[in-house]
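The values are calculated or read from the model by the stated rules, or taken from the named source; none is laboratory data. From a predicted model like this one, the values you see are computed outputs, not experimental measurements. A quick note on method: Cβ atoms are made from the backbone with ideal geometry, for glycine too, and the neighbour counts reach across all protein chains shown. Side chains included, ligands, DNA and RNA excluded: accessible areas come from the protein's heavy atoms. Shrake-Rupley method; radii C 1.70, N 1.55, O 1.52, S 1.80 Å.
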Amino acid sequence: MIIVVGPVAALDEPGDDALTPAGLTAAIAHAASAAGAGVEVVTRIGDDAAGDSVLLAFAAGGIGHVATLRDPAHPTLIVLAQADGADPDTGADTASDEPVAPGGLAPSLDAADVGLALRYLADERVIVLVHAADPDITAEAVAAAGYAGAHLVLVTAPGEPPPGDLPPGALVVEATDDADGVAALVGRYAAAVDGGQDPDAAFEIMSAAAAADS
């Protein structure tokens, strides 16, 4: 199983009544699920209609969310779709410089949330951590990867230095403006490793496929 940890927003597309999951965390989870892997998402969203839509879309895509937390005090972040810009925090295309968080700040994970979720979930072979600015969250993922014997993948913001004290073999991927390409690469890579492929071989194959597609 693959566990993807990180922020998730709700995407509001013109002409579509249903909100859908937005951001790199959601896109990586969808790419891994589409590649045939079992996936669970660890995130925190609002206890609201937008959050309901996100969970329904995850379920429809075969993505688990038993460790997704609902926050009654902070609304789900909503981003507005357009074709010419990506929000740096969620990776989702947006129609304005700032995402919309109705009524206050959007929900966010803390280290205690992540630690509890990773202890609750079992049988993980790959942990993907997306945009974890808090070093304590990274430490929880490192610890979980250690006791589960899981492969760790970190997706960092552009220009962000990789954290220290990572386990041997951990993969660090820097997010780029091509959010779809990064999500596809990381999701397929995680699915290949989850399926038993050697991480180095999986990365070479996925990188070659991404180069061929570009």
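Overall shape of region 112-162 was characterised from the C-alpha gyration tensor. The equivalent ellipsoid obtained from it has semi-axes of 19, 12, 8 Å, in decreasing order. By DSSP, the beta bridges lying fully in the chain are antiparallel in about 15 percent of cases. Since only GLY195, PRO168, VAL182 are under comparison, the one whose Cα sits farthest along the positive direction of the charge dipole of region 166-214, derived from C-beta charges on Lys, Arg, Asp and Glu, is GLY195. For region 153-202, the average shadow cast by the Cα convex hull is 3.7 nm², which is a quarter of the hull's surface. With one equal scatterer per alpha carbon and no solvent term, the Debye-computed log10 I(q)/I(0) for the chain at 0.12 1/Å reads -0.57.
Magnitude of the charge dipole for the chain, about its Cα centre and with charges confined to Cβ atoms of Lys, Arg (+1) and Asp, Glu (-1), is about 680 debye.
Packing around the peptides 138-149, 34-45, taken as the average count of other Cβ atoms within 10 Å per residue, puts them in this order, highest first: 34-45, 138-149. Using the Cβ atoms and a cut-off under 12 Å, what net charge is assigned to the surroundings of ASP134, where Lys and Arg are +1 and Asp and Glu are -1? Local net charge: -4.
If R0 is 45 Å, the Cβ-Cβ spacing of SER207 and ASP16 corresponds to a FRET efficiency of close to 0.85.
Can you list the residues of region 126-161 with backbone N under 14 Å from a point 7 Å past the Cα of GLU174, pointing along Cα to Cβ? Hits in region 126-161 for GLU174 at 14 Å: 155-161. List residues of region 118-155, by number, whose backbone nitrogen lies under 17 Å from a label position 7 Å along Cα→C-beta of ALA73. In region 118-155, the label zone of ALA73 (backbone N under 17 Å from the point 7 Å along Cα→Cβ) covers no residue.
Accessible surface for MET1 stands near 50 Å², nearest 10, in the context of the full protein assembly shown (1.4 Å probe). Measuring r between the beta carbons of ASP134 and ASP200 and using R0 = 35 Å, the FRET efficiency lands at 0.75.
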